[in-house]
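Colleague: Let me give you the structure first, and then I'll get to my questions.
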Amino acid sequence: MKFEVQLSGPGGAIKRVVELERNASGWRVLLDGQALDADIVEVAPHTLSILLAGRSHEIRLFPAPDGTLQIHDGSRAFTAEVADPRAWRGRRHGGAEAQGRQQISAPMPGKVIRVLVKAGDTVEAGQGLVVVEAMKMQNEIRSPKTGTVERILATEGQAVNAGEALLWVD
């Protein structure tokens with residue numbers, strides 16, 4: 001599979017050509033024509049453990065309703081737009097809506113800047129719930145499903161750790 005990916009992050013925007021090929025030991029990745037071996041395992045929903053060129057990465061992925069993908073690698077955050085229509089873009093993630101009660105967690109350590117909802121509010125999939133600032137970047141955490149905000153654990157100004165529960169949507 002070949003993808004053209006536009007990444008936007010702290011260092012600006014960059015366009016990459018990524019080719020993925022399954023092999024016996026995992027994945028072979030061509031990044032702008034350079035071959036890399038990769039071992040990729042989904043360790044939790046929206047979280048991948050990736051061993052790429054001998055370096056370990058824990059990547060958190062958050063599909064956005066506009067077809068982009070929010071990617072968090074430790075303290076760095078990126079927005080990815082994939083040009084291949086069979087991939088992320090164009091799907092709008094309508095079929096990927098989470099089911100059941102969902103805990104919304106901080107994707108990285110930071111500070112809660114704004115809480116955009118109240119307990120009891122009805123929210124749509126992809127609607128902003130909380131804004132967390134990390135590394136001078138504000139990241140809007142969106143609802144993975146349509147439902148009701150059951151409980152809010154975070155308050156504005158609160159420091160949070162990666163994986164810390166912010167609220168629940170049922």
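The values are calculated or read from the model by the stated rules, or taken from the named source; none is laboratory data. The shown structure was predicted, so the numbers you read here are calculated from the model rather than taken from an experiment. Positions of Cβ are generated from backbone atoms using ideal geometry, with glycine treated the same way; all protein chains shown enter the neighbour counts.
Colleague: Could you look through the stretch 42-77, keep only residues that are in contact with a Leu (Cβ under 7 Å, 6 or more places away or on another chain) and more than 22 Å from residue 132 (Cβ to Cβ), and pick out the one that is modelled with the lowest pLDDT?
Modeller: My answer is 53.
Colleague: (1) part of a strand (DSSP E or B); (2) closer than 26 Å to residue 9 by Cα; (3) not charged (D, E, K, R): which one isn't true of residue 126, the others all being true?
Modeller: (1)
Colleague: So which residues in the stretch 37-71 are aliphatic (A, V, I, L, M) and either in contact with a Ser or Thr (Cβ under 9 Å, 6 or more places away or on another chain) or surrounded by fewer than 14 Cβ atoms within 10 Å (Cβ to Cβ) (or both), if there are any at all?
Modeller: Within the stretch 37-71, 40, 41, 43, 44, 50, 53, 59, 61, 64, 69, 71 meet the criteria.
Colleague: Output the residues belonging to the stretch 134-170 that are more than 28 Å from residue 11 (Cα to Cα) and of a type in the set (Gly, Ala, Ser).
Modeller: Matches in the stretch 134-170: 147, 154, 165.
Colleague: Let me ask something additional. Give me a count of the residues in the stretch 109-123 that are farther than 16 Å from residue 146 by Cβ, in a strand (DSSP E or B) and at pLDDT 90 or above.
Modeller: The total comes to 5.
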